[in-house]
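The block underneath contains the structure these notes are about, expressed in structure tokens.
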Amino acid sequence: TDQGFPTVRVLGKYRVGTFFFEITVDVLGAGGYMCFGLGSLNIHENKDYIPSEKYSSYAYSSVGELYALGEVVSAGHQHFVEGNVVGFMCSLDRSFVTFYINNQQVGELRNLAPNMEYTPFVVFGNGKFSVSVNRVPHIAKLFAVNETQTAESKDSREEAKAYLPIPK
């Protein structure tokens, strides 16, 4: 379009810790384009289909490309389409973001710029598009289940050790 690619961001901002962001792609017409990820707080000013380096963005696109700081860093990944649930898990303490489509990991970017405040965003382009933000991300639920299973497994292992004979 003459005005570029509309970019929207959430109001929340993150500097430390781990957070999740997930959307359902309600409408993404044939030939449509969309990318989502995290970037600096001024990301909503972006007008390009790949936010430039000044927005410190890390993103995944509907055409299966991973972007970091305004550049395509990896391509040929799974595309996402209308009806898919897409999202990411970001650990700012460990400096990485992992992208998911329908609860399956499709890409990861490491070495995020440190000492930044990040916010999730979506870039829209080409045709009709609509997304819904999932207030309780499915991937967060999966991580919670995995953490519970890990803790339970550890407790089970500790209990089992209590019944093992002590080596002489």
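Residues of region 34-64 with backbone nitrogen within less than 16 Å of a virtual label 7 Å along the Cα-to-Cβ line of Glu117, please, listed as ranges. Inside the label zone: 39-45, 55-56.
Which of the peptides 51-60, 13-22 is most tightly packed, and how do the rest follow, judged by the mean count of other Cβ atoms within 10 Å per residue?
51-60, 13-22
In the complete set of protein chains, residue-level accessible area for Asp26 is approximately 60 Å², probe 1.4 angstrom. Qualifying trypsin sites (Lys or Arg not before Pro) in region 75-145, where qualification requires a DSSP coil assignment and no more than 12 other C-beta atoms within 10 Å, comprise Arg94, Lys128, Arg135. For region 1-138, carbon and sulfur atoms together expose 49% of the accessible surface, with a 1.4 angstrom probe and every protein chain in place. The P(r) of region 1-152 has a tail past 28 Å containing 13 percent of all C-alpha pairs. Centroid-to-centroid, using Cα positions, region 8-47 and region 75-93 are 11 Å apart.
Ranked by the mean number of other Cβ atoms within 10 Å per residue, highest first, peptides 80-89, 95-104, 31-40 order as 31-40, 80-89, 95-104.
Over region 1-79, accessible surface divided per residue gives 49 Å², non-protein components excluded, 1.4 Å probe. Normalised by residue number, the volume inside the convex hull of the Cα atoms of region 44-84 is 73 Å³ per residue.
The values are calculated or read from the model by the stated rules, or taken from the named source; none is laboratory data. Everything quoted here is computed from the prediction, not taken from an experiment. Note that we place each Cβ from the backbone using ideal geometry, even for glycine, and neighbour counts take in every protein chain shown. Accessible surface is based on the protein model in full, side chains and every heavy atom, while ligands, DNA and RNA are left aside. Shrake-Rupley method; radii C 1.70, N 1.55, O 1.52, S 1.80 Å.
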